[in-house]
Amino acid sequence: MKILLGYLQQLFRGGNVMTITMFLSIFTIGSIVSSLLTETLKKAFINISTNIIALANAIIVGLFGTAFAYIIIGVVWNIQSVVCLLMMIGCVWIGSMVGYDKVLQTIMQIKNLK
């Protein structure tokens, strides 16, 4: 755990503010987690729209994932970091809606080529 924390602190060494590298890293991880969670919940809740499930997951994953990253890395809580946290929810929502379905579609197309 110390090695991972040291790596993250070195990666985001730009100070205690949200950097583009940090935003993209949190976005990537959040989108992956949210899309996998969306696919799992899609099978459990068949009657609920997929976009609504993706939005609920994005709010939870984007909000708590970003807040957790802020705490671990030591980002100062100010207006800029809160705005980035709220933007992260929208980005994770869009990323989770687009990402997983397109990845599955690409895998199926590759399988059909053989």
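In table form, for the structure just shown:
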quantity	calculated
Members of region 47-100 that are part of a loop (DSSP other than H, G, I, E, B) and buried (at least 19 other Cβ atoms within 10 Å of the Cβ)	75
Residues (in contact (Cβ under 8 Å) with a residue 24 or more places away in the chain and more than 17 Å from residue 20 (Cβ to Cβ)) located in region 79-92	89
Boolean, residue 35 is of a type outside the set (A, V, I, L, M, F, W, C), in contact with a Gly (Cβ under 7 Å, 6 or more places away or on another chain) and within 23 Å of residue 97 (Cβ to Cβ)	yes
Hits in region 44-62 - residues which are modelled with pLDDT of 85 or more and either of a type in the set (Asp, Glu) or within 17 Å of residue 97 (Cβ to Cβ) (or both)	45, 56, 57, 58, 59, 60, 61, 62
Output for region 86-110, where each listed residue is at pLDDT 75 or above and among the β-branched types (Val, Ile, Thr)	89, 92, 94, 98, 110
Some residue of region 17-26 being at pLDDT below 65, surrounded by fewer than 18 Cβ atoms within 10 Å (Cβ to Cβ) and over 30 Å from residue 53 (Cβ atoms)	no
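The values are calculated or read from the model by the stated rules, or taken from the named source; none is laboratory data. Note that the structure is a prediction, hence the values are computed from the model and not measured. Please note: Cβ atoms are built from the backbone with ideal geometry, for glycine as well, and neighbour counts cover all protein chains shown.
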